Amino acid sequence: MNRIVLIAGAGPAGLTAALELLRRSDCIPIVFESLDDVGGISRTINHHGNRMDIGGHRFFSKSDWVMDWWRTMMPVAPEKNADGLSVIPEADRHLLVRPRLSRIYFLRKFFSYPIALSAQTLGNLGFARLVRIGLSYAWACLFKRKPERNLEDFFINRFGKALYATFFRDYTEKVWGRHCRDISPEWGAQRIKGLSILGALRHAARKLFSRAPADVAQKGTSTSLIERFLYPKYGPGQMWHIVADEVRARGGIIHLGHTVVAVRMEGLRVVGVTTKDSHGHVRTWQGDHFISTMPISELVAKIDPPVPAEVLEVGSGLCYRDFITLGLLVRKLKPTPQGKGPMNLVPDTWIYIQEPDVKIGRLQIFNNWSPSLVTTPDAIWMGLEYFCQEGDELWTMSESEFFRFAVAELEKIDLIDAADVMDHHLVRVPKAYPAYFGSYDLFSVIRDYTDTVPNLYLVGRNGMHRYNNQDHSMLTAKLAVDDIIAGNVSKRGIWEVNVDDEYHEEKRGAS
Ligand SMILES: Cc1cc2nc3c(=O)[nH]c(=O)nc-3n(C[C@H](O)[C@H](O)[C@H](O)COP(=O)(O)OP(=O)(O)OC[C@H]3O[C@@H](n4cnc5c(N)ncnc54)[C@H](O)[C@@H]3O)c2cc1C
């Protein structure tokens with residue numbers, strides 16, 4: 001008889017697991033997804049024909065397996081311009097090769113990111129500030145502070161006090177809602193490791209002397225320096241819709257609007273789950289294996305009979321950072337040095353808003369991710385990103401309040417005129433970032449318990465409470481499938497993904 005694999009979540013991890021099971025075994029995956037769409041955080045939202053990416057999802061990986069997997073699902077657009085970038089194809093089902101440009105907006109000026117020692121940076125920062133940065137960097141190189149007790153120590157050791165205070169301190173606080181002194185240095189090791197001043201200089205020099213466009217995978221390059229990436233013509237959700245279609249075509253089952261509300265165990269085995277659908281109907285399902293991409297804090301609370309008290313306690317102490325993105329359609333931006341055409345369209349895919357007098361963290365320019373995301377003619381479609389905490393004053397604002405607040409912020413920092421706003425759409429994303437504080441230090445208590453349940457596999461981003469990108473999430477799903485097929489009950493391989501990697505979605509912690 002075919003084995004049934006129950007899967008919680010139809011994000012990249014859950015769908016990858018389902019498709020891999022169908023491709024490589026006779027298991028039947030049954031996927032439950034709380035939302036009425038697939039893709040998880042990597043879904044795309046269609047608002048009046050304009051598509052929003054929650055955060056801006058670059059498709060790149062240092063794993064050949066992942067890169068090949070994506071290319072098999074969607075071919076890369078065949079025609080390229082002289083820079084190796086895709087000419088936007090007529091056909092819908094294509095991955096585009098897109099350029100990355102993200103700059104920092106600070107002191108009402110644009111700075112390159114990562115910060116380059118250019119005439120523009122010198123001019124923007126001013127001589128005095130620059131000397132302070134240079135001296136404190138030299139000091140940090142000569143006298144490294146040890147040990148690194150927190151993220152502040154981590155930053156200062158690598159960048160010096162002045163650069164830390166100018167570019168990292170306030171922004172990190174915006175992202176995480178707490179001071180760098182209250183964040184574990186492990187976060188830096190996970191997220192910033194590949195980025196250094198010398199690395200950025202070496203990269204700039206290489207760029208100057210090499211004219212060949214880099215391969216999209218760019219294996220030797222730190223994430224912050226990745227200049228070209230793959231991107232589905234209609235946003236990341238297009239990829240996950242194609243994957244979901246193939247799962248269904250091969251006999252897999254996806255139940256949208258179904259939340260896993262209980263995970264039933266007998267002894268040390270999962271025997272099934274209980275779901276509640278959007279109409280309130282409760283149903284139980286039996287399975288031979290259970291792959292979970294739901295947040296661990298929720299998983300451990302839903303296991304029935306209850307897990308040991310200390311596991312429950314660590315689970316309930318795990319913290320998250322939540323996220324709000326406001327899609328904003330405008331006729332034009334205010335003129336800026338690199339703004340082009342009647343809309344003053346800047347070339348950036350996204351912009352870090354470093355200004356301390358506003359709460360906005362990043363600004364996505366969806367036109368530059370893929371022109372096909374925007375169907376309103378002669379308009380700029382943006383994503384205004386806010387990092388927040390479920391229940392705080394940002395989270396609880398009504399859509400119209402939030403809209404007024406966010407437009408006022410962009411006006412304040414001289415990027416738009418409120419009169420140019422044409423449309424908007426608000427998306428709240430709970431648990432967008434698993435945090436490395438709260439009870440995270442005690443995470444091994446959870447892992448020691450879940451690892452002893454042979455047919456339970458924790459994969460993905462919140463599923464493992466790890467800052468995993470799509471590719472990491474997919475790799476963990478693939479390894480779970482390998483284990484199910486091989487009858488391997490050790491979860492060690494899965495936990496090793498993204499432990500020692502240098503590539504992550506965003507070195508500044510904002511994606
Ligand atoms: C702002 C931002 C920018 C990012 N940028 C990039 C990028 O550039 N490149 C990149 O590769 N990655 C990026 N990422 C990371 C990427 O979004 C995640 O790695 C990926 O979506 C994780 O996939 P997942 O399947 O593990 O989890 P998710 O995408 O979170 O999917 C989990 C799914 O499970 C569902 N679920 C939860 N609980 C239950 C339940 N009890 N029952 C049923 N369903 C449930 C959820 O609704 C969700 O759909 C970014 C993330 C953020 C927040």
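The values are calculated or read from the model by the stated rules, or taken from the named source; none is laboratory data. The structure displayed is predicted, hence computed values, not measured ones. In this analysis, Cβ positions are derived from the backbone assuming ideal geometry, glycine residues included, and neighbour counts consider all displayed protein chains.
Sub-9 Å Cβ pairs linking a first residue in segment 441-465 that is in the same structural domain as Thr293 (by TED's automatic domain parsing) and free of Cβ contacts under 8 Å to residues at least 24 places away in the same chain to a second residue that is outside any loop (DSSP other than H, G, I, E, B) and within 16 Å of the ligand (Cβ to nearest atom), at least 6 apart or interchain, number zero. Note on segment 41-83: among residues that are more than 15 Å from the ligand (Cβ to nearest atom), in contact (Cβ under 8 Å) with a residue 12 or more places away in the chain and in a strand (DSSP E or B), the one that is nearest to Arg362 (Cα to Cα) is Arg51. Segment 252-306 holds strands (runs of 3 or more DSSP E) entirely within its bounds, and those carrying 3 or more residues that are in contact with a Leu (Cβ under 9 Å, 6 or more places away or on another chain) and surrounded by 17 or more Cβ atoms within 10 Å (Cβ to Cβ) map to 258-266, 269-277, 289-292.
In summary, Thr274 fulfils each of the numbered conditions (1) farther than 22 Å from Ala10 by Cβ; (2) within 16 Å of the ligand (Cβ to nearest atom) with the single exception of condition (1). Only one of the numbered conditions (1) modelled with pLDDT of 95 or more; (2) more than 19 Å from Arg58 (Cβ to Cβ); (3) within 16 Å of the ligand (Cβ to nearest atom) is not met by Tyr436, and that is (1).
Determine which member of the set His425, His465 is of a type outside the set (Gly, Ala, Ser) and in contact with a Gly (Cβ under 6 Å, 6 or more places away or on another chain). If you could, list the steps in order and put the result at the bottom.
On the way: His465 fails: in contact with a Gly (Cβ under 6 Å, 6 or more places away or on another chain).
Of His425, His465, the one residue that is of a type outside the set (Gly, Ala, Ser) and in contact with a Gly (Cβ under 6 Å, 6 or more places away or on another chain) is His425.
Among the residues here, Asp471 qualifies as crowded, with 18+ Cβ neighbours inside 10 Å and charged (D, E, K, R).
Test Leu15 against the criterion of being in the same structural domain as His465 (by TED's automatic domain parsing), within 8 Å of the ligand (Cβ to nearest atom), assigned to a loop (DSSP other than H, G, I, E, B) and in contact (Cβ under 8 Å) with a residue 60 or more places away in the chain, and give yes or no. Judged against the criteria, Leu15 is not a match. Taking segment 225-282 as the range and being modelled with pLDDT under 95 and within 24 Å of Arg100 (Cβ to Cβ) as the test, the residues that pass are Leu225, Ile226, Glu227, Arg228, Phe229.
Please enumerate the residues belonging to segment 308-325 that are of a type in the set (D, E, K, R) and part of a strand (DSSP E or B). Step through it out loud before you land on a result.
Within segment 308-325, the first condition is being of a type in the set (D, E, K, R), and the residues that meet it are 310, 313, 321-322.
Hits for segment 308-325 are Arg321, Asp322.
Do you know which of the residues in segment 18-35 that are within 14 Å of the ligand (Cβ to nearest atom) and closer than 16 Å to Asp245 by Cβ is nearest to the chain's Cα centre (by Cα)?
Residues of segment 18-35 that are within 14 Å of the ligand (Cβ to nearest atom), as a first pass: 18-20, 29-35.
Now narrow it down to the ones that are closer than 16 Å to Asp245 by Cβ: 18-20, 29, 31, 33.
Details: Ala18: 21, Leu19: 22, Glu20: 23, Pro29: 26, Val31: 22, Glu33: 19 Å.
Ranking the candidates gives Glu33 first.
Checked against (1) within 15 Å of the ligand (Cβ to nearest atom); (2) under 14 Å from Val330 (Cβ atoms), Gln389 passes all but a single condition, namely (2).
A count restricted to segment 474-491 and to residues that are closer than 18 Å to Val270 by Cβ, crowded, with 24+ Cβ neighbours inside 10 Å and of a type in the set (A, V, I, L, M, F, W, C) stands at 3. The single condition among (1) farther than 27 Å from Asp483 by Cα; (2) not in a loop (DSSP other than H, G, I, E, B) that Asp448 does not satisfy is (1).
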